[in-house]
Amino acid sequence: MTPGDSDGETTERDGASTASGAAGTERDTGGDGRDADLVDALLDGEHRALARVISKIENRAPGYRDIVSRLHEHTGSASVVGVTGSPGAGKSTLVDKLARAYRDRGETVGVIAVDPSSPYTGGAVLGDRIRMASNAGDMDVFFRSMSARGTLGGLSTATADAVKALDAFGKDRVVIETVGAGQNEVEVVRTADTVAVLVQPGSGDDVQMLKAGILEIGDVFVVNKADMDGAGRTVADLREMLHMRDGDASGVGAAAGHHGVDGDGRGADANGAAGSDGPVGAAGDADRPDDATDDDWDPEVLETVATDGEGVGELLDTLDAHRAWLESSGRLADRERERHAAEIRHLLRSDAAALLERELDARGGVDALAERVRARETDPYAVADEVLAPLADCVGEGRETGDRSGDE
Amino acid sequence: MSTQEREERTVRCLIAKVGLDGHDRGAHVISRAFRDAGFEVVYSGLHRAPEEIVQAAVQEDVDVLGISILSGAHNTLVPKVIEGLEEYGAFDDTLILVGGIVPDEDREKLLEMGVAAVFGPGTPMSETVEFVREHAPDRR
């Protein structure tokens, strides 16, 4: 009587969903035939298949690596925007409006919203979906909530893989939304081509906080709730800080910071044209010595009122401008390469760690070794050398004949 | 860490408020209880249409769909949700629960439709959590 407790009951479904549905009810693991079917169903545009693939990615379910491998060749056409900011800055609401605006242009959209989970129970309430009111019932906006699940570093891999699934599915735009709280989240948002950082007005401390990590990754800064008091001040603070950032990076950019803090930045930057903040070809910064390309992207500061959609058009234009700059300057390929390099490294690290974990188990487990260290029979460095020895030998042997290029 | 990842699959739930009633206290309480039980809970927000619930359940790939209705409109709203889930091939492996005030004669009808359980007022939270643990579809 219940759909849940009757696993064997149904493999038949209505004709619309073939492979994807069936994949859900079968229980055995492995079997890449089924995974291949699932990928085919995803490429055919079946929502359920896409949803299931993302679940497998999230769960690190058996076979997920094979699935992602199969998807890879179909990716590369979506442009990916990351939206980050402190809790309550209005990310979800803005993402909702952004998705609506993309839809109005006839583009399809995928959204991945990352929320923290409790480190104690692993549970989470994923509330970003509540704000997706503008796109209710529109299946061409594929919205997916993901929880951080406390897996350090793993989250960025899972997010990047989920983006690939949306990309392969054929989404024109993918938006990643995450709380800009820590290293983990910064990693996540790095999987995007363009990063928008949201800031609330009147939060001087907030802007200060941005210095640590988030300021560096933003391509576009959005002061949301710009109808609140103090919005102009926040815009000015941000501009000043961004100039400082440029100064740090190039050593000469400080000069660009001298255009003063005009108490009210609001309204002055209709389309980011204000002062020296123009996106492309900002002449003032053209003479940096250590930058080969003289058309660096200068981060923009925009204002929005997400709740009524004010400023969303400008944001869209700026995101497009950044995308165009990425393409024309060759930075898109650079970023992609960097991303894949990080991916490869990350996979290697976690795979190698798993390999070593097995080696540890074979040697009686880490606890026994720790006890030996505690008894001063040996020391951690010696243990590490010992455990690593077989692996190092293997790698060394393989290298003997070939050239060694990969060590750092 | 990696072994733990492999062994424990997180149960995903959608707690949905469908239709016009604006009483979401129960939905909030159950969301928190599920969260504290270690589930991942997607909360729909108030006043959702059946299509929105279907969209959310399909896209979020939830194991459990908990529909909270206090308006008495369950006989029209629940079938619409179920139809939508069927359309996307999501009906058979989603555990559907209904919470709220449902007369006994309607309860039977809902169960026949494919609702796994109906939880009325005063149901202990632990009972609902336990039910989900036992019946959440295994769908690897």
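Table for the structure above
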item	result
Residues along the stretch B:93-140 losing 30 Å² or more of accessible surface when the other protein chains are present rather than the chain by itself (probe 1.4 Å)	B:Asp93, B:Leu111, B:Ala116, B:His135, B:Asp138, B:Arg139, B:Arg140
Protein-protein interface of the stretch A:128-147, residues with accessible area decrease of at least 50 Å², isolated chain reference, 1.4 Å probe	A:Arg129, A:Ile130, A:Met139
Accessible surface of the stretch B:80-136, 1.4 Å probe, proportion on carbon and sulfur as whole %	51 percent
Computed over the stretch B:2-135: relative contact order in percent, which uses C-alpha pairs under 8 Å that are six or more apart	24 percent
Karplus (6.51, -1.76, 1.60) ³J(HN,Hα), θ = phi - 60°, over the stretch B:116-127, in Hz, Gly and Pro reported as x	6, 7, 10, 10, x, x, x, 5, x, 4, 4, 5
Gyration tensor over alpha-carbon atoms, the stretch B:1-134, equivalent ellipsoid semi-axes in Å	23, 17, 14
Contact surface A-B: accessible area buried, both sides summed, square angstrom, 1.4 angstrom probe	4100 Å²
Stretchable slack from A:Asp385 to A:Val366, in nm (0.36 nm times residue separation minus alpha-carbon distance)	5.5 nm
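The values are calculated or read from the model by the stated rules, or taken from the named source; none is laboratory data. Bear in mind the structure is a predicted one, so any value in this text is a computation, not a measurement. Ligands, DNA and RNA are excluded from the accessible area calculation, which covers all protein heavy atoms including side chains. Shrake-Rupley method; radii C 1.70, N 1.55, O 1.52, S 1.80 Å.
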